[in-house]
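What follows draws every value from the coordinates through simple rules; no lab data is involved. All values derive from a computational prediction rather than experimental measurement. Ideal geometry is used to build each Cβ from the backbone, glycine not excepted, and the neighbour counts take in all protein chains shown.
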Amino acid sequence: MFSYSFICLILLMGQQFDLTPVAFDWPPGCEVVEITSSLDQVRQPAYFFTSDSDVQQPLIVSLHSWSAGYDQADSLAWKSYEKGFNYIHPHFRGPNDNPMACGSVQAIHDMDDAIAFAIEHGNVDTSQIHIIGSSGGGYATLLSYMKSRYRARSYSAWVPISNLVDWYYESVGRENKYANDIAQVTNPEGVKEGTFVLNVSEAKSRSPYYMQTPILEREGSQLSIYAGIHDGYEGSVPITQSLKFYNKVVRDFASQEKSATISIGEMLSLLERRNARYRMVGESNRGDIHFQRSFNDDVFVYVFEGGHEMLIDRAFADLIKSTR
């Protein structure tokens with residue numbers, strides 16, 4: 001096993017990180033490592049462990065949520081450990097409230113650098129790389145799908161953001177902090193006490209929805225998108241962020257394949273009737289699928305009974321299926 005570099009504090013190129021780990025019982029052998037960016041040499045922390053199997057095993061790349069970093073508690077670490085998989089939980093510039101994070105060129109490179117690190121130092125079957133995240137981690141998963149140089153076997157995006165422009169205005173209407181975050185990312189000079197303004201072109205450049213799908217590079221990959229039916233009402237990300245992105249990718253794959261896309265009427269039905277037809281009371285119904293659609297074996301979308309969340313057991317079970 002290689003020698004890990006432990007880190008308590010990094011101060012490099014004017015960027016300071018508090019690397020005191022969040023209180024969470026990480027699995028045995030899960031260590032904090034530092035990864036030097038291949039783009040700008042800024043060091044980024046990650047939690048990482050390698051499989052001790054005699055044969056190469058899948059790599060789980062678990063991506064933190066919008067306002068978090070590498071040290072965010074992650075139940076997928078234990079799921080991966082129990083299966084004997086490799087696992088990495090990268091920082092990729094941390095919370096999405098500054099221009100260096102949030103879909104920046106640097107953050108996207110950091111995700112790829114984390115995969116490269118895990119391959120170099122782990123016991124990785126490179127045909128079984130699996131990228132997963134929820135909320136801001138779902139956003140990062142979509143970014144990786146659109147921009148990564150690696151051909152992962154699966155990309156699992158739970159309750160993701162796909163369009164920062166739309167989400168900015170949705171967040172303004174909900175009066176939550178995310179509109180300010182997006183303004184800090186796209187137009188930091190325009191953020192003053194009590195006021196902020198979106199830079200639309202910059203927001204589009206960081207939005208998976210406005211990126212060209214790399215069709216050839218995703219041959220053999222599966223993209224699965226999960227939206228909780230009550231999200232947007234009881235959570236911060238409307239399900240249209242998932243549904244519209246699914247349509248965009250399917251159209252990029254096959255512009256004439258209208259039967260595989262989701263119609264405006266179907267979207268309206270899901271939005272308008274979720275309080276009645278789609279409202280299921282009781283924990284036993286949580287996770288039930290209200291709506292699903294797929295294109296070949298390439299792209300899947302599921303609308304489930306739930307809110308702004310990842311259903312950990314379901315997420316990992318679906319991921320396991322894609323390793324076969």
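Starting with the fewest neighbours, write out C30, C102 ranked by other beta-carbon atoms found within 10 Å of each beta-carbon.
So the residues, fewest neighbours to most, are C30, C102.
Roughly speaking, what is the centre-to-centre gap between the range 43-118 and the range 148-198 when only Cα atoms are used, to the nearest Å?
A separation of 21 Å, based on Cα centres.
What does the charge count near Q212 come to, summing +1 for each Lys or Arg and -1 for each Asp or Glu among other residues with Cβ under 12 Å from its Cβ?
That works out to +2.
Determine the distance separating the Cα centre of the range 214-244 from the Cα centre of the range 295-324; give it in Å without decimals.
The distance from the Cα centre of the range 214-244 to that of the range 295-324 comes to 10 Å.
Where in the range 219-257 does the label zone of D297 land, with the point 7 angstrom along Cα→C-beta and an amide N cut-off under 14 Å?
Inside the label zone: 219-223.
Per-residue counts of other Cβ atoms within 10 Å, averaged by peptide: what ranking do you get for 248-254, 58-64, 82-88, 261-267, highest first?
By packing density, highest mean first, the sequence is 58-64, 82-88, 248-254, 261-267.
Compute the distance in nm between two label points, each set 7 Å from the Cα along the Cα-to-Cβ direction, one at E272 and one at Y169.
2.0 nm
Can you tell me, using C-alpha contacts under 8 Å and at least 6 residues apart, the relative contact order of the chain as a whole percent?
This gives 14 percent for the chain.
Hey, got a sec? Which chymotrypsin sites (Phe, Trp or Tyr not before Pro) in the range 143-246 land in a DSSP loop and have at most 15 other Cβ atoms within 10 Å?
Y233
At a threshold of 8 angstrom on Cα-Cα distance, excluding pairs fewer than six apart, so keeping six or more, what relative contact order does the range 208-324 reach in percent? Walk me through the numbers before you get to the answer.
Numbers: 141 pairs, mean separation 42.9, N = 117.
That works out to 37 percent.
For the range 177-324, just say rounded, prolate or oblate: build the C-alpha gyration tensor, square-root its eigenvalues into a ≥ b ≥ c, call rounded for a/c under 1.5, and beyond that prolate if a/b exceeds b/c, oblate if not.
Working: a/c = 1.75, a/b = 1.23, b/c = 1.43.
Because a/c hits 1.5 or more and a/b fails to exceed b/c, the range 177-324 counts as oblate.
Between beta-carbons, use under 13 Å as the cut-off and find the net charge around G137, counting Lys and Arg +1, Asp and Glu -1. Could you put the intermediate results ahead of the total?
On the way: positive: none; negative: D74, E309.
Charge balance near G137 sits at -2.
Can you give the local net charge around C30? Use residues other than it whose beta-carbon is closer than 12 angstrom to its beta-carbon, Lys and Arg +1, Asp and Glu -1.
Numbers: positive: none; negative: D25, E31, D71, D74.
Net local charge, C30 excluded: -4.
With a/c under 1.5 counting as rounded, go ahead and sort the chain into rounded, prolate or oblate using the C-alpha gyration tensor (a ≥ b ≥ c being the square roots of the eigenvalues; past the cut-off, prolate if a/b is larger than b/c, else oblate).
oblate
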